[in-house]
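Below is one structure; the comments refer to it alone.
The values are calculated or read from the model by the stated rules, or taken from the named source; none is laboratory data. Everything numeric here is computed off the predicted structure, so don't read it as measured data. Heads up, the Cβs are rebuilt from the backbone with ideal geometry, glycines too, and the neighbour counts pull from every protein chain shown. We work out accessible area using only protein heavy atoms, side chains counted, and drop any ligands, DNA or RNA first. Shrake-Rupley method; radii C 1.70, N 1.55, O 1.52, S 1.80 Å.
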Amino acid sequence: MRPTGPSSPSSQDGSVRALGPAGSGAQLLPGLELLWAGRVPDHARDAAAHRQLLDDEESARLAAFRRPGDRDAYAVAHVTLRRLLGRRLGLAPEAVTLLREPCAHCGGPHGRPHVPDRAVHFSLSHTTGMVVIALASVPVGIDVEAVPDLSTATEVASQLHPTERAELAAQSPTGHPGAFARCWTRKEALLKAMGVGLNEDLSRTYVGAGPQPAPHADWLIADFPTEAGFTAAVAVRRTQAPGG
């Protein structure tokens, strides 16, 4: 990762990161235009000062957060997303219209967000302390998670694909939490890209817990580095068949 230039959102302190055309495996995914990663504490004050960029739905959701850390992460994610989309679409950040697809499960108006005509695809993820955003010319999903403790990783791993559970069981106690987080972020990124999110049974889709994501017929998945203590992954729809 490298620091963004002066025109990039919230780049004044140098802690925002944008991935360019070379570097980690994620940067080489066809269709992926931009990856952005930032530490929430570095951008919370700026995001709070620009809350007016958010639309009514975003503002209502921001106000509903009770924990300051969650509120800050949401504000950083959505203010930055609007700045990135505005720059990509040639619009003021507050002029970007965000729509929602029907829910893939119930058909309600709370599915995956998108811009009119899907001029660009995007995905964001935030956890306490970290935000990541992806822009792409194809459907995309992204996720970031803090590496959990061993007890949490072991408990939640029971929800995963049988092969992933076996891979995690073979890990040492020190390696297990990181491998679990790697697997989880790959899975959530893929399910978000597919438009189903965590509503799908997590044992159905195999993404792997090893050093490299498992290959998928319709999607490309890659890990990418963030801050120590976090893992992140991104998934994009294939633009050609494997081996093509």
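Give the number of residues within region 161-197 that are touching a Ser or Thr at 6+ places or on another chain (Cβ under 6 Å), farther than 26 Å from TYR74 by Cβ and aliphatic (A, V, I, L, M).
Keep residues of region 161-197 that are touching a Ser or Thr at 6+ places or on another chain (Cβ under 6 Å), which gives 161, 181-182, 185, 192.
Applying the additional criterion that residues be farther than 26 Å from TYR74 by Cβ yields 161.
Of the ones still in play, those that are also aliphatic (A, V, I, L, M) are none.
Adding up the residues that qualify gives 0.
Only one of these is open to solvent by 10 Å² or more (accessible area, probe 1.4 Å), at pLDDT 95 or above and more than 20 Å from the chain's Cα centre (by Cα): GLU145, GLU94. Name it. Reasoning before the result, please.
Working: GLU145 fails: more than 20 Å from the chain's Cα centre (by Cα).
On inspection, the qualifying residue turns out to be GLU94.
All but one of (1) of a type outside the set (Asp, Glu); (2) touching an Asp or Glu at 6+ places or on another chain (Cβ under 6 Å); (3) more than 11 Å from GLU145 (Cβ to Cβ) hold for ALA170; state the number of the condition that does not hold.
Unmet condition: (2).
Determine the pairs where a residue that is closer than 17 Å to ALA104 by Cα, located within region 176-203, has a partner that is among the basic types (Lys, Arg) and crowded, with 24+ Cβ neighbours inside 10 Å with Cβ atoms under 9 Å apart, the partner being 6 or more residues away or on another chain.
So the pair list comes out as LEU198/LYS187; LEU202/LYS187.
Output the residue which, of all residues in region 106-126 that are over 20 Å from ARG238 (Cα atoms) and under 19 Å from the mean Cα position of the chain (by Cα), is modelled with the highest pLDDT.
Among them, the one singled out is SER125.
Could you go through region 175-189 and let me know if any residue there is at pLDDT 95 or above, of a type in the set (A, V, I, L, M), at negative phi and touching a strand residue (DSSP E or B) at 6+ places or on another chain (Cβ under 8 Å).
Checked region 175-189: at least one residue is at pLDDT 95 or above, of a type in the set (A, V, I, L, M), at negative phi and touching a strand residue (DSSP E or B) at 6+ places or on another chain (Cβ under 8 Å).
Collect the residues in region 106-127 that are more than 10 Å from GLY195 (Cβ to Cβ) and either open to solvent by 50 Å² or more (accessible area, probe 1.4 Å) or free of Cβ contacts under 8 Å to residues at least 12 places away in the same chain (or both), keeping them in residue-number order.
Of everything in region 106-127, those that are more than 10 Å from GLY195 (Cβ to Cβ) and either open to solvent by 50 Å² or more (accessible area, probe 1.4 Å) or free of Cβ contacts under 8 Å to residues at least 12 places away in the same chain (or both) turn out to be CYS106, GLY107, GLY108, PRO109, HIS110, PRO116, ASP117, ARG118, ALA119, HIS126.
Kindly provide the set of residues from region 205-222 that are in contact (Cβ under 8 Å) with a residue 24 or more places away in the chain and open to solvent by 40 Å² or more (accessible area, probe 1.4 Å), ordered by number.
TYR206, PRO215, HIS216, ALA217
Looking at region 60-91 only, could you name the residues that are of a type in the set (Lys, Arg), open to solvent by 50 Å² or more (accessible area, probe 1.4 Å) and outside any loop (DSSP other than H, G, I, E, B)? If you could, list the steps in order and put the result at the bottom.
As a first pass, look at region 60-91 and keep what is of a type in the set (Lys, Arg): 61, 66-67, 71, 82-83, 87-88.
Filter again for open to solvent by 50 Å² or more (accessible area, probe 1.4 Å), leaving 61, 66-67, 71, 87-88.
Those that are of a type in the set (Lys, Arg), open to solvent by 50 Å² or more (accessible area, probe 1.4 Å) and outside any loop (DSSP other than H, G, I, E, B): ARG61, ARG71, ARG87, ARG88.
Can you find a residue that is among the charged types (D, E, K, R), in contact with a helix residue (DSSP H, G or I) (Cβ under 8 Å, 6 or more places away or on another chain) and either assigned to a strand (DSSP E or B) or farther than 24 Å from THR127 by Cα (or both) anywhere in region 233-241?
As a first pass, look at region 233-241 and keep what is among the charged types (D, E, K, R): 237-238.
The next check asks that each one be in contact with a helix residue (DSSP H, G or I) (Cβ under 8 Å, 6 or more places away or on another chain); those that pass are 237.
Then keep just the ones that are either assigned to a strand (DSSP E or B) or farther than 24 Å from THR127 by Cα (or both); that gives 237.
Yes, region 233-241 contains at least one residue that is among the charged types (D, E, K, R), in contact with a helix residue (DSSP H, G or I) (Cβ under 8 Å, 6 or more places away or on another chain) and either assigned to a strand (DSSP E or B) or farther than 24 Å from THR127 by Cα (or both).
(1) in contact (Cβ under 8 Å) with a residue 12 or more places away in the chain; (2) under 18 Å from the mean Cα position of the chain (by Cα): which one isn't true of ARG71, the others all being true?
(1)
Which of the numbered conditions does ARG100 fail, given that it passes all the others? Conditions: (1) more than 23 Å from ARG238 (Cβ to Cβ); (2) in contact with a helix residue (DSSP H, G or I) (Cβ under 6 Å, 6 or more places away or on another chain); (3) not polar (S, T, N, Q).
(2)
When ALA166 is evaluated against the numbered criteria (1) among the small types (Gly, Ala, Ser); (2) closer than 27 Å to LEU29 by Cα; (3) open to solvent by 30 Å² or more (accessible area, probe 1.4 Å), which criterion, by number, is the only one it fails?
Condition not satisfied by ALA166: (2).
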